[in-house]
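The values are calculated or read from the model by the stated rules, or taken from the named source; none is laboratory data. None of these values were measured; they are calculated from a predicted model. Virtual Cβ from ideal backbone geometry, glycine too; neighbours counted across all protein chains shown.
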């Protein structure tokens, strides 16, 4: 199993003061210890440098929520990837559903992905079909169309993709209601994540796709973390609103750590049982 990645995207919920306070408290929680997974915080762009400074002494990555698809030019009010690199930012979100709704196209996102790969920056590529595609049973076809479009420039320029992160955001997912309904949603998401790996394998080959981490976003909170990790069998989580409150975010991290420790303990027990059976010849 790959090392899990927990990403908190704070959008525009925190003021500069709140963002610094959150980051300093998170840094204190990490001081002198490590966790068995990676953590990335994506604050608003205006808070980015301050958060990076507050977390500079602990093993927590800091990433950007967005950037412009061109390296330079007359783009008033935009932030370039090179400016982010100068801040030592090496993770950036690309193609979030909210930006797509605001008019971002597959062509724009494709350019951003290629730019990241060109400069050895890890793009966190957000994917997700609409509720209509889900209802109509078109989610696999739509996912394949979208992925091929988004990676067209990377394929053409033969960029390696082994360090990218896919954040699958099923906007239709619901973690409320009866248990059977929730588990059905989990199975649907798990099947889609597997399909994403197969599509990437067809584009880039088996060896490269094995290093890609696929995360799930949507409905991640203190109560759902262990359920999502257990049922989805993904490589991590993309946390939205719950990552703006340090108490809830730390609870998510604690739940993830508890899940990993339990999985590792179970794996050791199974391995020891196999060794015992082999040694007794049974």
Residue identified as touching a residue at least 60 places away in the same chain (Cβ under 8 Å) and farther than 29 Å from residue 18 by Cα among 150, 117, 127: 127
Restricting to helices (runs of 4 or more DSSP H) lying wholly in the stretch 94-158: which have 1 or more residues that are at pLDDT 90 or above? 97-101, 106-118, 139-150, 152-156
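Check every one of the helices (runs of 4 or more DSSP H) wholly within the stretch 171-233 and list those with 1 or more residues that are at pLDDT 80 or above, exposed (fewer than 14 other Cβ atoms within 10 Å of the Cβ) and out of contact with any strand residue (DSSP E or B) (no Cβ under 6 Å at 6 or more places or on another chain).
Correct list: 179-204, 225-232.
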Among 64, 141, 156, which is the only one that is without any contact (Cβ under 8 Å) to a residue 60 or more places away in the chain and in contact with a strand residue (DSSP E or B) (Cβ under 7 Å, 6 or more places away or on another chain)? 64
When the stretch 234-254 is checked residue by residue, the ones that are touching a strand residue (DSSP E or B) at 6+ places or on another chain (Cβ under 8 Å), part of a helix (DSSP H, G or I) and over 15 Å from residue 11 (Cβ atoms) are 252, 253
